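This report refers to the structure that appears directly beneath it.
Read-outs: derived from the displayed coordinates by stated rules, not from any lab. Computed from a prediction, not measured in an experiment: that's the story for all the values here. For neighbour counting, all protein chains shown are included, and Cβ atoms are generated from backbone atoms with ideal geometry for every residue, glycine included.
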Amino acid sequence: MGKAEPTHTSTLYQAEYGHFINGKWEGSASGEKIGLYNPATGALLSSIQSGNAADAVRAVEAASAAFPSWKQSRPQQRQEILFEMARRMRARIQDYAMLESLNNGKPLMEAMHFDLPMAIEQFEMFAGSAFHLHGESISTPTALGIVHREPLGVCAQIIPWNVPLIMMAAKIAPALAAGNTIVLKPSEIVCLGVMEFFKQMADIIPPGVVNVITGYGPNIGEALVTHPKVRKVAFTGSRPTAQKLIQYASVNVIPQTMELGGKSANIVCEDADLDAAAEGAAMSVVLNKGEVCLAGSRVFVHEKIKDAFLEKFQANLRKVKLGDPTDPTTQMGPQASKMQLDKISSYLELGPKEGATLLMGGKAAKVSGFDKGYFIEPTIFTDVKNNMRIAQEEIFGPVSTVITWKDDEEVVRMANDTTYGLGGGLWTQNLRRAHKITQAIETGTIWVNRYYNFVPGMPVGGYKQSGFGREFAQEVLHHYTLTKSVIINLEEGSIGVFGR
Ligand code: NAD
């Protein structure tokens, strides 16, 4: 990729974005920039600051200075800001969808109908929460207990490149509703939509309440998370980064929420509606070109229906329209970066070496007019063993590994035989079986008979090494507040322990 030189003609976004600190746009202390590219064409779109420790410290100081008055703000004010964010985002929904599509490569229509509605919903949902952060009271004849719920203070929030606007909204909406101030670090690979969001919202964010710094994680992470004024870290991204952040968080013993990767099991029983199951299996790895933490990429098919299922699964994948992500008819775009393309390609090479059979796909896809695009063909590996690396490691691309099974106990054991536990799917017409299997699966979310069937307000988060803490639901407010127990004695005078 070329150097970050602004050759800019778009009215949708700027040629360059600064850090957003204390309500102002600033250059980085490093003086260096990072380019944001279009993965369909390789073209430079914009550039962002390459932040460092000094920038992180400035952002934390601004967030810390803003905290005392934001903490005291009226719920109406916090609600109005969150609603206004939702309103403005909805009014420009097509622009934001286009920005996500341009920088990430996700299809425009997918961004319009999946990413943006989900991001907007976060602001709407938590706007209401600003009024519902009461504590509780516990009355006894001799004491009145009051449990207050208070914000923590400055929260460091670090997000990835696959669904940036959803991640940004899921992080900042509850934290703001609860009265915290924020230093947000989006991904240096994809953050065009996020930066444009803050450009548009700058006038409604009180200075210092949300600060946004950009750059390579390792240049910012330690200074940010170990700063003594930071009271919490919320992270979405990969497990190796999480391991570092947990170490940083241990320095000042601050709480953490970690939303990490997955290798989710998608279990197809012999009594399933095979058309629905095959469509769901395809959708689960095609959405966002498989760059979804919840993707059901480990497909467990009952041996009795294997052939019929695979035929329908392939038929669906063959119909997927690969192409220019900004074309409204496109169903799958390019992978988000060269790094991601290379990572997926390495697994495509590994599969046959491990003994898997390549049923379809397996290589880079050619899209006319987009020679530099990072396209990959939807891929199915069969004859996969659950202990192969292609079945255990997160590929984060349009790649399904198919494993067969005979009985429910066996499939539950295999599905759980992974370090992850984030999502999953189950396809059966039998309610008792559905209940038993979903109970036995170690995962934070499992969809029965429709993959990615998000119900607003339901928690999302991991079991095992997929992380800890939950988002997208009211319970996230517990991660952004602390309780304070105040006990007022109702009895008069001293106890008399030492005599009166
Ligand atoms: P990543 O861990 O490489 O990067 C995530 C963020 O962390 C980026 O902003 C990056 O700059 C930053 N970072 C990297 N090193 C850092 C450091 N030392 N200190 C501080 N920050 C640092 O992950 P990614 O490749 O951007 O995202 C893909 C991963 O995210 C996948 O594993 C995916 O499953 C996961 N993910 C999980 C969820 C979920 O809800 N559980 C959602 C989306 C993505």
Of the residues in the stretch 318-340 that are under 20 Å from the mean Cα position of the chain (by Cα) and assigned to a helix (DSSP H, G or I), the one that is surrounded by the most Cβ atoms within 10 Å (Cβ to Cβ) is Gln340
Is it fair to say Ala308 is farther than 19 Å from Gly373 by Cβ and surrounded by fewer than 23 Cβ atoms within 10 Å (Cβ to Cβ)?
-> yes
Where residues in the stretch 365-390 are under 26 Å from the mean Cα position of the chain (by Cα) and hydrophobic (A, V, I, L, M, F, W, C), which of them is farthest from Ser101 (Cα to Cα)?
-> Ile390
Being under 14 Å from the mean Cα position of the chain (by Cα) and among the charged types (D, E, K, R) is the filter; apply it to the stretch 448-475 and report the residue that is farthest from the ligand (Cβ to nearest atom).
-> Arg470
In the stretch 5-40, the residues that are surrounded by fewer than 19 Cβ atoms within 10 Å (Cβ to Cβ) and of a type in the set (Ser, Thr, Tyr) = Thr7, Thr9, Ser10, Thr11, Ser30
Inter-residue pairs, beta-carbon under 6 Å, first farther than 19 Å from Pro206 by Cα and in the stretch 48-68, second among the hydroxyl-bearing types (Ser, Thr, Tyr) and surrounded by fewer than 19 Cβ atoms within 10 Å (Cβ to Cβ), 6+ apart | Ser50/Ser30; Asn52/Ser30
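Out of Phe468, Phe454, Phe498, report the one residue that is surrounded by fewer than 20 Cβ atoms within 10 Å (Cβ to Cβ), of a type in the set (Phe, Trp, Tyr) and under 24 Å from Gly153 (Cβ atoms). First the steps, then the outcome.
On the way: Phe454 fails: under 24 Å from Gly153 (Cβ atoms); Phe498 fails: under 24 Å from Gly153 (Cβ atoms).
Selected residue: Phe468, the only one of Phe468, Phe454, Phe498 that is surrounded by fewer than 20 Cβ atoms within 10 Å (Cβ to Cβ), of a type in the set (Phe, Trp, Tyr) and under 24 Å from Gly153 (Cβ atoms).
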Can you tell me how many residues in the stretch 248-258 are touching a Phe, Trp or Tyr at 6+ places or on another chain (Cβ under 7 Å) and either free of Cβ contacts under 8 Å to residues at least 12 places away in the same chain or near the ligand (Cβ under 7 Å from one of its atoms) (or both)?
-> 0
Select the strands (runs of 3 or more DSSP E) contained entirely in the stretch 1-75, then report the ones holding at least 1 residues which are within 23 Å of the chain's Cα centre (by Cα) and closer than 30 Å to Pro228 by Cα.
-> 19-21, 33-37, 44-49
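Just to be sure, is Lys343 touching a residue at least 12 places away in the same chain (Cβ under 8 Å), among the basic types (Lys, Arg), within 16 Å of the ligand (Cβ to nearest atom) and surrounded by fewer than 21 Cβ atoms within 10 Å (Cβ to Cβ)? Quick ask: steps written out before the conclusion?
On the way: touching a residue at least 12 places away in the same chain (Cβ under 8 Å): yes; among the basic types (Lys, Arg): yes; within 16 Å of the ligand (Cβ to nearest atom): yes; surrounded by fewer than 21 Cβ atoms within 10 Å (Cβ to Cβ): yes.
Answer is yes for this residue.
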Restricting attention to the stretch 226-240, does a residue exist that is of a type in the set (D, E, K, R), assigned to a helix (DSSP H, G or I) and under 17 Å from Gly51 (Cβ atoms)?
-> no
For Glu393: the one exception among (1) closer than 27 Å to Phe313 by Cβ; (2) over 20 Å from the mean Cα position of the chain (by Cα) | (2)
Flagged in the stretch 287-325 as charged (D, E, K, R) and under 25 Å from Ala40 (Cβ atoms), in numbering order, are Lys289, Glu291, Arg318, Lys319, Lys321, Asp324
Inspect all residues belonging to the stretch 169-186 and state whether any of them is in a helix (DSSP H, G or I), within 9 Å of the ligand (Cβ to nearest atom) and not aromatic (Phe, Trp, Tyr).
-> yes
